[in-house]
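Trainee: First the structure, which I've put down as structure tokens, then a few questions once you've had a look.
Each value in this text was obtained by applying a stated rule to the coordinates, not by laboratory testing. Just so we're clear, the structure is a prediction, and the values are computed from it rather than from any experiment. Using ideal geometry, Cβ is built from the backbone for each residue, glycine included, and neighbour counts are taken over all protein chains shown.
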Amino acid sequence: MSVEFAPKYHQIEQALRVRVAAARPHDPVPSEAELCDEFGVSRMTARAALQRLAADGLVYRRVGRGTFVAPPVTQRRADMLVRFSAEMRRRGRRPSSRLLGAEVRPASPDEAARLALRPGADVVAVSRLRLADDVPVAIERAVFPGDLRGLLDADLARDSLHETLVRLGRAPANGHASLDAHPATEDDCRLLDLPPGSALLVERRLILDRDDHPLELTESRYAGARYGLQVAFSVDP
């Protein structure tokens with residue numbers, strides 16, 4: 001596609017990609033109004049260009065503050081579960097969490113079955129938004145057996161859930177997970193600050209304690225453009 005005949009939003013997008021590549025994480029990106037003045041386009045055209053960059057994980061937007069260059073995509077080995085906070089610190093990023101909800105409630109039939117609980121038994125449900133350098137990366141919803149209600153005494157926005165489990169006498173040991181790609185829901189887009197139609201990497205995992213008893217059932221919904229998995233493999237002869 002020649003520049004002359006490319007849509008205006010595409011011309012703006014390509015120009016911004018060059019600038020973003022030369023910028024540092026969290027540097028500001030021109031606002032919609034500034035792009036309108038620079039390229040002589042409408043607000044809708046400028047917004048379309050910024051949305052395409054956000055969908056590719058190159059920028060992130062903050063309501064009332066503006067648009068900024070996104071940090072590099074975080075990656076994790078697929079065969080190893082590292083605590084989110086430890087994983088972010090290892091990569092030189094600042095982890096934080098926002099507590100979305102914490103309660104004791106009756107288990108759903110699926111939760112009871114997977115956590116080896118009697119039907120209708122209580123579970124502790126904790127939902128958090130996980131951030132790196134103040135950029136939302138994942139929505140994490142975890143469910144634990146009801147006898148671990150001591151989790152609710154912890155500062156769930158700052159404390160490590162796994163370290164709290166160890167203090168409560170139930171150390172996470174191993175587990176298994178499934179990974180799927182899903183389109184972001186309206187709620188996902190709001191919490192993760194994503195444009196509509198964004199892709200998510202959804203990880204569902206069951207973690208067992210050292211006695212092989214079910215300990216944690218979690219769904220993590222990662223912004224696909226901000227989080228990835230590294231896979232080591234051997235070739236089947």
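Trainee: Please determine, in degrees from 0 to 90 and to the nearest 10, the orientation of helix 43-55 with respect to the longest principal axis defined by the Cα atoms of the chain, where the helix direction is its Cα long axis.
Mentor: 40
Trainee: Once both labels are modelled 7 Å past Cα along the beta-carbon direction, what's the A86-R62 spacing in nm?
Mentor: So the two model labels end up 3.0 nm from each other.
Trainee: Need the full-extension length gain, V166 to H10, defined as separation in residues times 0.36 nm minus the C-alpha distance. One decimal, nm. Walk me through the intermediate numbers first.
Mentor: Details: separation 156, 0.36 × 156 = 56.16 nm, distance 5.15 nm.
Fully extending the segment from V166 to H10 adds 51.0 nm.
Trainee: Turning to a different aspect of this structure: Rounded if a/c is under 1.5, else prolate if a/b beats b/c, else oblate: with a ≥ b ≥ c from the C-alpha gyration tensor eigenvalues square-rooted, which is the range 104-151? Don't skip to the answer; put the middle values down first.
Mentor: On the way: a/c = 3.81, a/b = 2.39, b/c = 1.59.
Because a/c hits 1.5 or more and a/b exceeds b/c, the range 104-151 counts as prolate.
Trainee: For helix 8-22, what angle does its Cα long axis make with the longest principal axis of the chain, in degrees from 0 to 90 and rounded to 10?
Mentor: Once rounded, one gets 70 degrees.
Trainee: Ok, one more. Quick one: length gained pulling H26 to A116 fully straight, 0.36 nm per residue minus the C-alpha distance?
Mentor: So the extension gain works out to 27.9 nm.
Trainee: Let me have the 222 nm mean residue ellipticity of the chain computed from DSSP H runs of 4+ only, each contributing -39500 (n - 2.57), with the sum over all residues rounded to the nearest 500.
Mentor: On the way: 7 runs with 63 residues, N = 237.
Per the formula, -7500 deg cm²/dmol.
Trainee: Within the chain, what's the longest stretch lacking chymotrypsin sites (Phe, Trp or Tyr not before Pro) that sit in DSSP loops with no more than 16 other Cβ atoms inside 10 Å?
Mentor: On the way: sites that count: F5, F233.
That gives 6-232 as the longest site-free run.
Trainee: Right, here's the next one. Give me the percent relative contact order of the chain, please, defined on Cα pairs under 8 angstrom at least 6 residues apart.
Mentor: Details: 421 pairs, mean separation 41.5, N = 237.
This gives 18 percent for the chain.
Trainee: With Cβ to Cβ distances under 12 Å as the rule, what net charge do the other residues near V123 carry (K, R +1; D, E -1)? Can you show the working numbers first?
Mentor: Working: positive: R105, R114, R118, R141, R149; negative: E103, D110, E111, D122, D147, E216.
Net of charged neighbours comes to -1.
Trainee: Can you work out the base-10 log of I(q)/I(0) for the range 8-69 at q = 0.12, 0.18 1/Å, using the Debye formula on its C-alpha atoms alone?
Mentor: -0.23, -0.54
Trainee: Could I have the simple spin-label model distance between R141 and V104, label points 7 Å from Cα toward Cβ, reported in nm to one decimal?
Mentor: 2.2
Trainee: Next question, about the same structure. Stretched out fully, how many nm does the piece from A199 to R19 gain, at 0.36 nm a residue minus the Cα gap?
Mentor: Working: separation 180, 0.36 × 180 = 64.80 nm, distance 2.45 nm.
Residue separation times 0.36 nm, minus the Cα-Cα distance, leaves 62.4 nm.
Trainee: Just from the alpha-carbon atoms, what are the Rg and Dmax of the chain in angstroms?
Mentor: 20.9, 67
Trainee: With loop defined by DSSP as not H, G, I, E or B, and exposure as at most 12 other Cβ atoms within 10 Å, which is the longest segment of the chain clear of exposed trypsin sites (Lys or Arg not before Pro)?
Mentor: Formally, the longest exposed-site-free interval is 66-157.
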